[in-house]
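Read the structure below first, then the notes.
Please treat every number below as a calculation from the coordinates, not as lab data. As the structure is a computational prediction, the values presented were derived from the model and not from experiment. We place every Cβ from the backbone using ideal geometry, glycine too, and count neighbours over all the protein chains shown.
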Amino acid sequence: MVLVMPRWVAVLPGLAFTTLAISGTAGQWPDASKRVAFDDVSKRSGLVFTHVNGASPDKHLAEIMGSGGLFFDFDNDGWIDVFLVDGGSKADPRVSGTARHRLFHNRGNGSFEDVTANSGIRHLAYGMGACAGDYDNDGLTDLYVTTNDGPNVLYRNRGNGAFTDITTTARVGSPLWSTSCAFADVDRDGRLDLFVTNYVQGAEENPFCGNTHPEKLRMYCHPLNFRPSPSVLYHNAGDGAFTDVSAGAGIASFTGNGLGVAVADYDDDLWPDVFVANDGVPNFLFHNKGDGRFTELALVAGVAVASDGKARAGMGTAFGDVDGDGRLDLVVTNHETEMHSLFRNAGNGAFTDATASSGIGPATLQHVGFGVAFADYDNDGDLDLAIVNGHVIDNIAMRRSGAKHAQKRLLMQNTGAGRFRNVSPLSGPPFAVEKVGRTVVWGDVDNDGDLDLLVTNNGQQAELLLNDGGNGGNALLLRLIGGSTSLTTGTMSNRDAIGARVRLTSGGRTQVREVTSGSSYLGQNDPRLHVGLGAGTIVDRVEIRWPSGQTEVVQNVAANQVIVIREGAGIVASTRFQR
Amino acid sequence: MSRVCALVFLLLLPAPAAAQKGAFIEALLEFHSALSGTYGDEGPRVEAALDRMDVALEAWNAESRLAEASLRAASDSSALARFFLNEGRPADALEAVEEAIRLKPERAGLHMLRGVLLGADRRDADALASFQRAWALDPDDVVNAYLLADALSTRPSEPPERQLASLLAAIGSEPPSPMSGRDATRPDSTGQAVRPPAGPPQRPSVGTSTRRASFIQVGLIDDSASEAPQFSRAAYADGVAALANGRYEDAIGLFRAAMVRDPLVVDHVARSGPAARGVAALRQGQTTDAVADLEAAVAAAPSSSEARRLLGVAHATAGNVDASLKWLAEAIRVAPADERAHIAMGRVLMEAGRIEEAERVLLDTLRLLPASGRTRWALADLYELTGRDADAIDQLEQAATLTMIAGKTALLLRLASFAHELLDEERVISAFTRQTRLMRNNPLAHRSLGLAYHRAGRDVEALVELLVSSHLGQEDAETLAVMGQIHLNAGRLTMAETMLRRAVAIAPDSAPARYALSRTLLGLDKEEEGRQQLAEFERLQERLLDERRQKYENDLRERNERLRGETTGK
């Protein structure tokens, strides 16, 4: 495969204030925070999208929940593209008619092209989120869109920017109000299955809960007014159709107000597990038993509720190793006053609540959090956190002094060993503005080796935040392509290698990453793995545990490039970062 | 020589001195009360109270001289230091305690006392060194460990864990029992023997303190004795400041100087004639008669601001807003510095819903009388009424810098409430920290501060405060559960287990305690019991969730019924 990577030509403004010093990390890892700033380049790059939320006096709950977006490379040109989900209107068909999902093609020159019109992607219902994965292993990443009020939609990528709605034949059109989703090969048969979490039922019956306040003061309902929903697991039969196996898998009997989904092998037993962030009720951790069934273990594992035993308003979530111990920790965004949760993986199937000690709790106390992404934005070798916030009550300022509907987003720098500090004020204008944030996902849109952020905002414009200076440290981007059959187990990896675990060692430090599909809230990150290396110029060892169970090692890889590793074949392509 | 107050230790004083000091304070409180000038006829009470303060102070000084001579004759530096402390003479106390330390350097309590005195004198580094010395001599002294932790907390370079370390070492793995043998027989902070209580060790009941070890608290009047801030009148602020600095003679002089300019005292119109009748009617709620009499008084006394102010008050009581405002404005014209008339005008406007005018009046008052705590308090009321919590906080923060007779803790509590409403937990912490310093021996103050720290995710500081709260006798399930959670999250599982078992024993239905206990037990590999506790937690949680859902359902049903009723016109 040849990766074509023209130079990113966008001109970035100088950001003098980023020279403000904050005490940094020691050793070979530079304190990149001194010079990292983000800039919203969405308009000048052509990524122009304003979310239609259809906000109405009826206060339909869906109006405040969406919507999502993701990074994926739909045309395999080595430049990640963008898909943005639009909402619609529950109250006014005319408004609904203005909603349109958008597919933006990354031209690789600092600009995006709206290619929705010819993509076959249509706005069929009030959209919520999306996830992407090559479900048919044809080398083209497919797209699944969740909705509030209509069947969810699976688009098969036919190549050349064309997608076909195959929902009916694939039998994945869940009629429930779906939110986040993720592709994952839960039975490791080499085919991507699909996990979809659902929110509540009955919201249509009581749009604003009989709230008799004057229209100006009327509020959106609390989700506990409505019936909780079960999540759905679709098993990929391999013939173009999926089967709803939720009941047999032990998923369907658990109902919650699901909003966020993260899939990863938290206990390192090769089988992908599923975490569901629930709004107002305990979260779920579906532990994959490896026989097609799951056991819900959130309470035993310590991630169902916070350490005070109280369920939080879970929204977005992500797995990532924040303390460098090789185990995947878990972040969950919550409502204001609750603090966003960080659960540290203790390694014995249990997590400890590190919300306070990590510094995440104090920084998030005033925020209603949604999207969240672990991203080493400063390439210093540990995972930082980007979080977007925004209240769910649009008139909250009239109800509580000092409260805000639009809120600032947060950039939390990992200062080592999983302690975080809020560096938002030093990180550029996008971290100073207040928006009604919903999704944040990371991706390297300009292939320059540092992580950019895609942010969606409810009823507002989406933003592409370009990272300027993050590549002061070195890094490596890895794209994994699965496909070979394990000699020992006879199983095969899915082509996207979703579920592959990578242990990467450089300069004595080992970092762990896992290829994932859905994450954050209603979104999905760049499918490639990004590993910051600090001052390290060589990666001594890259160990890949493929979903098939095979392990492969690549050694002595130079930093600052995108490498493509095909299962069983090692590095099959590489391209230097565009700097 | 200046004095800094010490009435909290009133009972430690020689009895006559204590009595005289009590008489002084009683007169002071009467003086302060009369200055409110609610009915305009309090002038004579003001003068009489001040005279009584003068007399009491003279007697107090005489008794103090005798007591001091007696202690000096006994060459007991430690007792002398305590005496000076109680007398509000910190420089003398410091000198005495240093002499006591020279004689008995091994006595930890003396070093701690020295630290307290140095801290009061803002010699923070020296105070810290004294607390560290005391801790080195007696690491088990909880009070000193806390003071050390508190002193360390003011140093940004010190990691919070270091604060906790000394306290944890002093307290050990569990909230200390109040009458544990070691504590019960050990000397108190300055070496005075403490008798063990009769009977077996007992846990303190909620909200009570039965401990021997307590904080040295200085202050002329127990601040928490008042449930509302007792601001000095702006004109008397210098005198109150002198009181706070222990310059009692100066204070009386300053009060006298202010008094001769105070219309309440010098404007005698309300003491006789129609004004006196009007005031009497006002006191009995006969507003029509009051207005008539006071109008006559105004006519008879064209230069009396008091007659005009009282007429404004009478009209306000009768609901005649415009007339009230007219006469209050007249009072201000005649006596521009009369704080009472300004505030009354602001309040009348506020109650009439004329918010912008009220704000303007009160802000103008502050420009004229920046030391008027009452005006700031009224503004805070106004901002609360209009949902401007941040502005209310600003006013309260500025009011908190003013010297008060008492009740600053109440002001800080209100400040914390506003800040909590704004989710500004750091400000809540700031307010509760100041509150706690005013009432070190109040376990609930430490508890509030500890829980605020916990809400803000500052668990090390939270644990310090909660441990001290517990040491002072506070024991409730929530406090214990939070302490247990903090220990659990920090991996101190044995300590967590102790706390949480006690929490569950106190409140078996406490879901937070059950949950934390289950996680602790699982962490300690007590698998079976851990799972039992987890099952119990699940049961409790489901019940709580059902109750919550039920509440939502009921609310929804009620709202829908109401809505249907409105729609159908019923």
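Per-structure values
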| read-out | value |
| --- | --- |
| Selection from A:VAL553, A:ALA99, A:VAL433 lying farthest towards where the dipole of chain A points positive, charges on Cβ | A:VAL433 |
| Reach of A:LYS90 by Cα under 16 Å, taken over aspartates and glutamates that are not fewer than 8 positions away in the same chain | A:ASP58, A:GLU63, A:ASP149, A:GLU204, A:GLU205 |
| Charge dipole magnitude, Cβ of K and R +1, D and E -1 - the stretch A:341-440, Cα centre, debye nearest 20 | 480 debye |
| The stretch A:328-418: mean projected area of Cα convex hull, nm² | 6.2 nm² |
| Between 0 and 90°, nearest 10: helix B:305-317 axis offset from chain B longest Cα axis | 70 degrees |
| Dipole axis of the protein assembly as shown (+1 Lys, Arg; -1 Asp, Glu on Cβ), positive-most option in A:GLY120, B:LEU243, A:HIS530 | B:LEU243 |
| Alpha carbon convex hull of chain A, projected area averaged over orientations, nm² | 23.0 nm² |
| Relative contact order [Cα under 8 Å, 6+ residues apart], chain B, whole percent | 13 percent |
| Gain upon complete extension [B:LEU385, B:ARG122; 0.36 nm per residue less C-alpha separation] | 90.8 nm |
| Span from the the stretch A:337-413 Cα centroid across to the the stretch A:56-105 one, whole angstrom | 24 Å |
| Rounded to the nearest 20 debye, dipole of the stretch A:457-579 from Cβ charges on Lys, Arg, Asp, Glu | 220 debye |
| The stretch A:248-303 and the stretch B:217-241: distance between their alpha carbon centers, rounded to Å | 59 Å |
| Crossing angle, helix B:493-506 versus chain B [Cα axis fit, 0-90 degrees, rounded to tens] | 60 degrees |
| Spin-label zone in the stretch A:64-81 - amide nitrogen under 18 Å from a point set 7 Å from the Cα of A:ASP138 along the C-beta vector | A:73-77 |
| Sites A:ALA558 and A:ASN76, calculated FRET efficiency, Cβ-Cβ separation with R0 22 Å, nearest 0.05 | 0.40 |
| Förster radius 22 Å - calculated FRET efficiency between A:SER56 and B:LYS551, Cβ distance, rounded to 0.05 | 0.25 |
| For peptides A:104-110, A:136-142, sequence by mean Cβ density within 10 Å, most packed first | A:104-110, A:136-142 |
| FRET efficiency estimate (nearest 0.05) - Cβ-Cβ, A:ALA573 to A:ASP269, R0 30 angstrom | 0.45 |
| Relative contact order [Cα under 8 Å, 6+ residues apart], chain A, whole percent | 16 percent |
| Cα→Cβ-extended label distance, 7 Å offset, between A:ARG541 and B:THR288, nm | 10.0 nm |
| Mean Cβ count within 10 Å, highest first, over the residues of peptides A:385-396, A:443-454 | A:443-454, A:385-396 |
| Shielding by partners, peptide B:547-559 (average Cβ within 10 angstrom, other chains) | 4 |
| Spatial separation of Cα centroids for the stretch B:251-325 and the stretch B:86-161, in angstrom | 53 Å |
| Per-residue Cβ neighbour rank within 10 angstrom, fewest leading, B:ARG539, A:ARG495, A:ARG94 | A:ARG94, B:ARG539, A:ARG495 |
| Assigned charges on the beta-carbon of Lys, Arg, Asp, Glu; the protein assembly as shown dipole about Cα centre (debye) | 1260 debye |
| Burial order of peptide ranges B:311-318, B:464-471, B:80-87 (average beta-carbon count within 10 Å, highest first) | B:464-471, B:80-87, B:311-318 |
| For chain B, with +1 on Lys and Arg beta carbons and -1 on Asp and Glu, the positive-most of B:ALA127, B:PRO508, B:ALA108 along the dipole | B:ALA108 |
| Nearest-ten-degree value, helix B:477-489 long axis tilted from longest Cα axis of chain B | 50 degrees |
| Fewest-first ranking of A:VAL261, A:VAL82, using other Cβ atoms within 10 Å as the exposure measure | A:VAL82, A:VAL261 |
| 21 Å Cα-Cα reach of A:LYS43 towards lysines, excluding residues that sit fewer than 8 places from it in its own chain | A:LYS408, A:LYS435 |
| The protein assembly as shown, helix-only ellipticity at 222 nm - DSSP H runs n ≥ 4, -39,500 (n - 2.57), divided by all residues, nearest 500 | -11500 deg cm²/dmol |
| Equivalent ellipsoid semi-axes - Cα gyration tensor, chain B, angstrom | 48, 38, 18 |
| Cα→Cβ-extended label distance, 7 Å offset, between B:SER36 and A:ARG171, nm | 8.0 nm |
| Footprinting exposure proxy for B:TRP60, B:TRP327 (fewest neighbouring C-beta atoms within 10 Å first) | B:TRP60, B:TRP327 |
